[in-house]
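Below: the structure, in structure tokens.
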Amino acid sequence: MANTSVDATDMPIQEMSPFDKDLYSYKLNGPGLQYKIGLCIQSGFIVWVHGPFKPRAWTDIRIFQSSLVFALDIGEWVVADGGCSDGQQ
């Protein structure tokens, strides 16, 4: 995996019956599932996809610490927004 930028995106889905409030995405204003996407900073290619998750069910940092951190080789790094921060710089 190359040096990567990571963020989440919500994808719309058909509403379940009965309604599942955990599938409500504020980004979509309706039902959806969330995926974490990693893009190579140098090429723009998608190099990592993780999901689906119920919106807000897992925080960005929890997903990073439970999956992506293990996919990185020595010297590789990730750029992410504040959602992937554990409070350390």
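The values are calculated or read from the model by the stated rules, or taken from the named source; none is laboratory data. This one's a predicted model, so the numbers in the text were calculated from it and none came from an experiment. Cβ atoms come from the backbone with ideal geometry, glycine included; neighbour counts cover every protein chain shown. When the accessible area is computed, the model is the full protein with side chains, heavy atoms only, and any ligands, DNA or RNA have been set aside. Shrake-Rupley method; radii C 1.70, N 1.55, O 1.52, S 1.80 Å.
From the helices alone, meaning DSSP H stretches of at least four residues, give me the mean residue ellipticity at 222 nm for the chain, per-run term -39500 (n - 2.57), in deg cm²/dmol to the nearest 500.
Details: 1 runs with 4 residues, N = 89.
Theoretical 222 nm ellipticity from helices: -500 deg cm²/dmol.
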* Charge dipole (debye, nearest 20) of the chain; +1 at Cβ of Lys and Arg, -1 at Cβ of Asp and Glu -> 160 debye
* Inter-probe distance in nm under a simple model that places probes 7 Å from Cα toward Cβ, at Val49 and Glu15 -> 2.7 nm
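Ranked by accessible surface with a 1.4 Å probe, highest first, in what order do Trp58, Trp77 come?
On the way: Trp58 85, Trp77 120 Å².
From most accessible down to least: Trp77, Trp58.
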* How do Ile41, Ile74, Ile61 stack up against each other in accessible area, from largest to smallest, with a 1.4 angstrom probe? -> Ile74, Ile41, Ile61
* Structure fact -> Cα-based Rg/(2.2 N^0.38 Å) for the chain, rounded to two decimals, is 1.18
